[in-house]
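Visitor: Mind looking over this structure? Questions follow.
Any read-out appearing in this document is the output of simple, stated calculations on the displayed coordinates, not a laboratory observation. Computed from a prediction, not measured in an experiment: that's the story for all the values here. Here the Cβ positions follow ideal geometry from the backbone for every residue, glycine too, while neighbour counts run over all protein chains shown.
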Amino acid sequence: MPDAAAHPIADIIAHPLTQKLPTPTETSWGRYDAVSIMLVEVRTTTGLTGYGETLARFAPRAYAELVERALKPRLVGRDALNILANWALMRRALSGRAGGMLIEAIAGVDIALWDIAGKAAGLPIYRLLGGEGRASVPVYAASVSWDPLEERAAEQAIAFARRGFSSIKVKIGRSPEAACKRIATVRQAVGDGVELTADSNWAYNLDEAVMVGKALERHGYAWFEEPLRPEDEDGYRQLRARCAVPLAAGESNYAVDQAMALTCDRTLSVLQPNVTRSGGITETLAMARLAAQHDVAYAPHVGMSGIICEAASLHVAAAAANTRIMECAASANLFKSEVADLRPGGERAEGGMLSVPQGPGLGIEINWEGVARMEKMAREAA
Ligand SMILES: [Mg+2]
């Protein structure tokens, strides 16, 4: 007998999107002039459509191929609401250990399935997750850029503080000496009343990270984000033993198993998965819960991702018990301003808080004109 409450999946459509950044962004990892994401659309035979986003910075058409050829044939005909079972089935699309593009592609589909579940229930996703039920989430300004001029770094930090952000992230990199100087300059510029954190995007080896970590400790920074490359777990443990600044990481992790070691032994104080990389809402919530069990805070990473990432992160953050603070990227980003009707967080944030969308599912409407413009850019960039 057919299940009257089922929402069978009819179709999955992948939309690779590319934008030329209004202002090129630079981290210790490199300079980005153009970035991509993939918008995922899942339709059911019952007339519902859910949307998701995949972190697909480069080669977004390869992600679309993965969704259309490897994930869609497995899912069509299945009930969209059996999300855990659908996740496990997608995971079996490739043999071998989990990670990389497959998990990022799954993230896009998973978020779309949660959007459908919310629309089917007439509830925002965070209510379905049955957690804390926060109506708003604290955010920090990201980021004081990598601009080598010290004065510019100080100016940017002061501007964020004037806009009401009480927590600000500072990008560091280059030589440890340069980083130590910047750490002191920005602290001096904003005073002691503002929370500061630093992100080096794995710029250092262990000895360098210890030197920078001690400067962060001296100047009262709240965390040192991605000091070392993500695979160097022993390095993270040694760094934790050698300086007191709390360590943060997680944006480079895929599935929960990659977050397990440094969370369970409490080397990390803050876990920062990106929902569009870390397997979607399902897996990101599992990471947040794992962290909660070990008194590690959850702080969603958003970075250069788009508005669906922001909305999905808000829903998980609204539900998770250990949410500390969420990243709020302040730089111009067409994936935030042009893809849906929700204004970007940098514009919406008030008093260092972002409200959680209250409509069914993710609580956003897609702006198809904006999507078409960025799909065109993705085709032209190929
Ligand atoms: Mg980071």
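Visitor: Sequence neighbours fewer than 8 away in the same chain don't count; with that in mind, list the lysines whose C-alpha is under 23 Å from K20.
Guide: Within the straight-line cut-off, K20 pairs with K171, K336, K376.
Visitor: Mind listing the Cα extents of the range 127-355 along all three principal axes, in Å, largest one first?
Guide: So the extents along the principal axes, rounded to whole Å, are 47, 38, 28.
Visitor: Where q = 0.09, 0.10, 0.11 Å⁻¹, what log10 of I(q)/I(0) comes from the Debye formula for the chain, counting one point per Cα?
Guide: The calculated log intensity ratios at q = 0.09, 0.10, 0.11 Å⁻¹ are -0.48, -0.60, -0.73.
Visitor: Checking understanding here: applying a Kyte-Doolittle mean of at least 1.0 and a length along the axis of at least 27 Å (C-alpha), which whole DSSP H helices in the chain pass?
Guide: Both cut-offs are met by 100-121.
Visitor: May I pose another question? P(r) of the range 333-382 in 5 Å steps, Cα pairs, percent per bin?
Guide: Cα pair-distance distribution for the range 333-382, in percent: 5, 19, 22, 21, 15, 9, 6, 3, 0.
Visitor: Separate question: Which value, in debye to the nearest 20, describes the size of the charge dipole of the chain about its Cα centre when Lys and Arg Cβ atoms bear +1, Asp and Glu Cβ atoms bear -1, and nothing else is charged?
Guide: The dipole magnitude comes to about 100 debye.
Visitor: Projected onto the charge dipole of the chain (+1 at Lys/Arg Cβ, -1 at Asp/Glu Cβ, origin at the Cα centre), which of I172, G235, L129 gives the Cα projection farthest towards the positive end?
Guide: With unit charges placed on the Cβ atoms, the residue in question is L129.
Visitor: Using only Cα atoms, what Kirkwood radius does the range 69-200 have, in angstroms?
Guide: Answer for the range 69-200: a Kirkwood hydrodynamic radius of 18.5 Å.
Visitor: Mind checking the range 72-154 for GluC sites (Glu not before Pro) that DSSP puts in a loop (not H, G, I, E or B) and that have at most 15 other Cβ atoms within 10 Å?
Guide: For GluC sites (Glu not before Pro) across the range 72-154 that sit outside H, G, I, E and B with at most 15 neighbouring Cβ atoms in 10 Å, the list reads E132.
Visitor: Tally Lys/Arg at +1 and Asp/Glu at -1 over every other residue whose Cβ is under 15 Å from the Cβ of R152; what's the total?
Guide: Around R152, the charge tally is -1.
Visitor: Further question: Using just the C-alpha positions of the range 131-266 as equal point scatterers, what log10 of I(q)/I(0) does the Debye formula give at each q in 0.17, 0.21 1/Å?
Guide: Here the Debye-derived log intensity ratios amount to -0.91, -1.22.
Visitor: With +1 on each Lys and Arg Cβ and -1 on each Asp and Glu Cβ, and nothing else charged, work out how big the dipole of the range 94-195 is about its Cα centre, in Debye to the nearest 20.
Guide: It works out to roughly 40 debye.
Visitor: Determine the dipole magnitude for the range 127-355: charges of +1 sit on the beta-carbon of Lys and Arg, -1 on that of Asp and Glu, nothing else is charged, the reference point is the Cα centre, and the result goes in debye to the nearest 20.
Guide: Magnitude of the dipole: close to 420 debye.
Visitor: Same structure again: Using packing as a proxy for protection, rank 295-303, 255-263 so that the peptide with the highest average count of other Cβ atoms within 10 Å comes first.
Guide: 295-303, 255-263
Visitor: A follow-up question, please. Please give the calculated 222 nm ellipticity per residue for the chain, where each DSSP H segment of at least 4 residues contributes -39500 (n - 2.57) and the sum is spread over every residue; nearest 500 deg cm²/dmol?
Guide: So the calculated ellipticity at 222 nm is -12000 deg cm²/dmol.
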